[in-house]
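Trainee: My questions all concern the structure below.
Bear in mind that the values in this text are calculations on the coordinates, not laboratory data. This structure is a prediction, so every number in the text was calculated from the model and none was measured. Please note: Cβ atoms are built from the backbone with ideal geometry, for glycine as well, and neighbour counts cover all protein chains shown.
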Amino acid sequence: MNDSQLNNTLSTLVSEQRNPDTMDLDTLSTMELVTKLNQQDQLVPLAVEKELPQIAKAVDLISDAFGSGGRLLYVGAGTSGRLGVLDASECPPTFGVDESMVIGLIAGGSEAIYRSQEGAEDSMDLGETDLINEQLNASDVVVGIAASGRTPYVVGALRYANSINARTVALSCNPNSTIAQLADVAISPVVGPEALTGSTRLKSGTAQKLILNMLSTASMVKIGKSYENLMVDVQTSNEKLRVRAVRILMQATGCTDDEAAHLLEKSQNQLKTAIFMQLTGTSVVAANERLASVSGNLRKALSF
């Protein structure tokens, strides 16, 4: 696509239009400026709300994939890619999953997380190659993220995923986008023109962050990574998380601080095991056996 064709394409995208409510952006006082930005940001959750049915479909795809040993792979460029990498990197400490279960791929590789890698997003072949390198298979789900909905790197990745029968989700901020037409499920929150024309790290990025949070969190909840609204698979990898595990154990069972610390030590920092022991009076071995019989789902284990 030459420059003229690309310009014509961009001119049709909602995310690239000028916002009539912010034409005076450079004349405002500081308070007026941040107020106007905040007013624009308030439109984002409303746009996301309209996409909840599609988000729910994507969550079902992802949780089903997890249940059959599949993975979730986010694919994006620039801000979209960074948001995918961020969400993926937060899953292991939050939900106690292996880092290979949720993967974030960004055009240009890890260096692109910190500084732009010019041209990487323009290659459809690179999107395919990155998925091949991750040994994508039909049990996986690929979420292509692109505010414009046309990023070649993401298009190439989704086309390859489709070719091997992996399930696909498109997340863009333009309706009827290229990637939306390629995916099994299309999530397209229309947040409108950005406050700063074309700067899709603003409303579009916020919408993407909200939706990625929902995709991973809801999918993990559905496979038993929470009990009530508690993170019962949190990893005690630092002091803050160790204290959080103690608090979660106290909240789930009503035990004291000292009792919680003792239970965690006895269960080798397996929070679900410790909760089950406290609520049922069983041993570590019995608790682990019961949890294993229901794939680690604490709610199901306690309902026997």
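Trainee: Which entries of Lys50/Lys222; Lys50/Lys225; Lys50/Lys203; Lys57/Lys222; Lys36/Lys203 have Cα-Cα distances beyond 20 Å here?
Mentor: Too far apart for the 20 Å limit: Lys50/Lys222; Lys50/Lys225.
Trainee: Could you run the Karplus curve 6.51 cos²θ - 1.76 cosθ + 1.60 with θ = phi - 60° over the range 239-249 and give me ³J(HN,Hα) per residue in whole Hz, x for Gly and Pro?
Mentor: Per-residue couplings from phi come out as 4, 4, 6, 5, 5, 4, 4, 4, 5, 4, 4 Hz.
Trainee: For the ranges 210-221, 130-141, what's the packing order if you count other beta-carbon atoms within 10 Å of each residue, average per peptide, and put the highest first? Write down the numbers at each step before the final one.
Mentor: On the way: 210-221: 20.6, 130-141: 16.9.
Ranked from most to least packed, the peptides come out as 210-221, 130-141.
Trainee: Between Asp98 and Val221, what length comes free when the chain is fully extended (0.36 nm per residue of separation minus the Cα-Cα distance, one decimal in nm)? Intermediate results must be reported in sequence, preceding the final value.
Mentor: Numbers: separation 123, 0.36 × 123 = 44.28 nm, distance 1.59 nm.
Between Asp98 and Val221, full extension yields an extra 42.7 nm.
Trainee: Here is a further query. For a quick protection proxy, order the peptides 195-206, 21-32, 259-270 by their average other-Cβ count within 10 Å, most packed first.
Mentor: Answer by packing, highest mean first, reads 195-206, 259-270, 21-32.
Trainee: Is the range 52-206 best put as rounded, prolate or oblate by its Cα gyration tensor, with a ≥ b ≥ c the root eigenvalues, rounded for a/c under 1.5, and otherwise prolate when a/b is larger than b/c, oblate when not? Please report the intermediate quantities before stating the final value.
Mentor: Working: a/c = 1.36, a/b = 1.25, b/c = 1.09.
Cα axes put the range 52-206 in the rounded bin.
Trainee: If amide hydrogens are placed 1.01 Å from N in the peptide plane, which non-local residues have theirs closer than 5 Å to the one on Ile103?
Mentor: Leu72, Leu73, Tyr74
Trainee: Could I ask something else about it? For the range 221-234, just list the computed ³J(HN,Hα) in residue order, Karplus coefficients 6.51, -1.76 and 1.60, θ = phi - 60°, integers in Hz, with x standing in for Gly and Pro.
Mentor: Residue by residue, the range 221-234 yields 4, 5, 9, x, 8, 9, 10, 6, 10, 10, 7, 8, 10, 4 Hz.
Trainee: Provide the gained length on full extension for the span Gln135 to Leu25, in nm with one decimal, where the gain is 0.36 nm per separating residue minus the Cα-Cα distance.
Mentor: Working: separation 110, 0.36 × 110 = 39.60 nm, distance 4.69 nm.
Once the chain is fully extended between Gln135 and Leu25, it gains 34.9 nm.
Trainee: Oh, and also: Which percent, to the nearest 5, of DSSP beta bridges fully inside the chain are antiparallel?
Mentor: Details: 1 of 19 bridges.
If I count the DSSP bridges inside the chain, around 5 percent turn out antiparallel.
Trainee: Based on the mean of other Cβ atoms within 10 Å per residue, sort peptides 154-166, 73-85, 278-290 so the most packed one is first. Present the calculation step by step, with values, prior to reporting the outcome.
Mentor: Values: 154-166: 21.2, 73-85: 25.8, 278-290: 15.3.
Result, highest mean first: 73-85, 154-166, 278-290.
Trainee: Next question. Enumerate the whole-percent occupancy of each 20 Å bin, from 0 to the last occupied one, for all C-alpha pair distances of the chain.
Mentor: Going from the shortest bin to the longest, the percentages are 31, 49, 19, 1.
Trainee: Continuing with this model, one more query. Would you mind estimating how fast the range 239-302 diffuses translationally, via Stokes-Einstein at 10 °C and 1.306 mPa s with the Kirkwood radius over Cα pairs, in µm²/s?
Mentor: Values: Rh = 11.5 Å.
Calculated translational D: 139 µm²/s.
Trainee: Here is a further query. 7 Å from Cα along Cα→Cβ at both Arg299 and Ser116: what's the point-to-point distance in nm?
Mentor: Modelled inter-label distance: 4.5 nm.
Trainee: Also: What is the set of long-range amide H partners of Ala186 at a cut-off below 5 Å, with H atoms built 1.01 Å from backbone N?
Mentor: Ala170
Trainee: If the cut-off is 15 Å between C-alpha atoms, which aspartates and glutamates fall inside it for Lys209, apart from same-chain ones fewer than 8 positions away?
Mentor: Asp41, Glu49, Glu51, Asp87, Glu90
Trainee: Could you go through the range 37-47 in sequence order and give the Karplus-derived ³J(HN,Hα) for each residue, using 6.51 cos²θ - 1.76 cosθ + 1.60 with θ = phi - 60°, rounded to whole Hz, and x for Gly and Pro?
Mentor: These are the phi-based 3J(HN,Hα) values: 4, 5, 4, 5, 4, 5, 6, 5, x, 5, 5 Hz.
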